[in-house]
Amino acid sequence: MRSRTPAGRVLAVLAGTLALAGALSGCGIRTTTVPVDAGAAPSRVPCEVSEGNLTTQAQPGAAVRVYLVCGSGLVAVERTAALPPDKKLGDRLQVAQALVDELEEQPSSTEQEAGFSTYVRGPLSLSEARAGDPLGTLRLNRQPEDLPTAALAQIVCTLVEGAATDGSVVLGGPGEYGARGYRCDDETKRSPDLAVPTTGPLPSAS
């Protein structure tokens with residue numbers, strides 16, 4: 001049998017390659033030599049907990065909303081805080097402490113599966129305003145500016161919604177530094193790692 005010439009072998013390889021490409025095309029597989037960027041895989045994190053799976057639903061208390069971190073933002077989650085069910089929001093300090101306590105709790109398994117986490121680490125305790133503090137000041141046992149930015153954003157947004165009336169909350173620390181007013185806006189919820197906006201200078205209580 002006569003052996004193929006080098007040119008014949010090249011032609012045979014080309015023919016085989018074309019035949020393979022045709023077979024793949026016939027199977028609905030489109031051949032390409034250019035890498036295809038299909039983009040990031042779609043996120044499966046829902047950032048949502050159904051009402052039937054509230055974290056502390058079986059425990060007595062009052063229904064509250066706290067802000068946890070999910071994805072790159074803050075999302076409100078319903079909890080049952082350690083307050084009497086008929087407790088009115090008049091006791092602002094007790095309500096604020098209960099909300100902060102909830103933020104310290106690690107998310108339940110249901111919340112974790114939905115993508116939630118918390119940056120607030122305890123123990124954090126709140127106390128009443130000092131002499132000369134602006135009205136409504138809450139004093140933390142840690143300086144607010146020393147907390148992780150996302151943790152401060154969680155606390156501010158949670159307290160603004162659950163224990164404030166004017167869209168801001170005034171927080172101070174254990175030292176002699178003056179208290180500051182903090183706001184929770186849409187940008188804070190979208191990007192809690194950025195600086196939490198303040199309200200500017202505050203008048204001292206008379």
Some residue of region 87-98 being in a loop (DSSP other than H, G, I, E, B), of a type in the set (Lys, Arg) and exposed (fewer than 13 other Cβ atoms within 10 Å of the Cβ): yes
From the options Glu176, Glu145, residue that is of a type in the set (Asp, Glu) and either closer than 27 Å to Glu48 by Cα or in a helix (DSSP H, G or I) (or both): Glu145
Conditions (1) part of a strand (DSSP E or B); (2) at pLDDT 95 or above; (3) of a type outside the set (D, E, K, R): number failed by Ala63: (2)
Unmet criterion (only one of (1) under 17 Å from Val64 (Cα atoms); (2) touching a helix residue (DSSP H, G or I) at 6+ places or on another chain (Cβ under 7 Å); (3) of a type outside the set (S, T, N, Q)) for Tyr119: (1)
Test: residue in region 138-155 that is closer than 18 Å to Tyr67 by Cα, hydroxyl-bearing (Ser, Thr, Tyr) and either surrounded by 13 or more Cβ atoms within 10 Å (Cβ to Cβ) or at pLDDT below 95 (or both): yes
Breaking point among (1) touching a residue at least 24 places away in the same chain (Cβ under 8 Å); (2) over 18 Å from Leu194 (Cα atoms), for Ser72: (2)
Pair list, Cβ under 8 Å, 6 or more apart: region 148-177 residue in contact (Cβ under 8 Å) with a residue 24 or more places away in the chain and under 12 Å from Arg92 (Cβ atoms), other residue among the charged types (D, E, K, R) and assigned to a helix (DSSP H, G or I): Ala163/Arg92
Conditions (1) in contact with a strand residue (DSSP E or B) (Cβ under 7 Å, 6 or more places away or on another chain); (2) modelled with pLDDT of 90 or more; number of the one not met by Val49: (2)
Subset of region 121-137 (residues that are at negative phi, surrounded by 17 or more Cβ atoms within 10 Å (Cβ to Cβ) and in contact with a Ser or Thr (Cβ under 9 Å, 6 or more places away or on another chain)): Ala129, Asp133, Pro134
Tally, over region 76-86, of residues that are buried (at least 18 other Cβ atoms within 10 Å of the Cβ) and either among the hydrophobic types (A, V, I, L, M, F, W, C) or at pLDDT 95 or above (or both): 3
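The values are calculated or read from the model by the stated rules, or taken from the named source; none is laboratory data. All of these numbers come straight from a predicted model, not from anything done at the bench. Methodologically, a virtual Cβ is constructed for each residue, glycine included, from the backbone with ideal geometry; neighbour enumeration extends over all protein chains shown.
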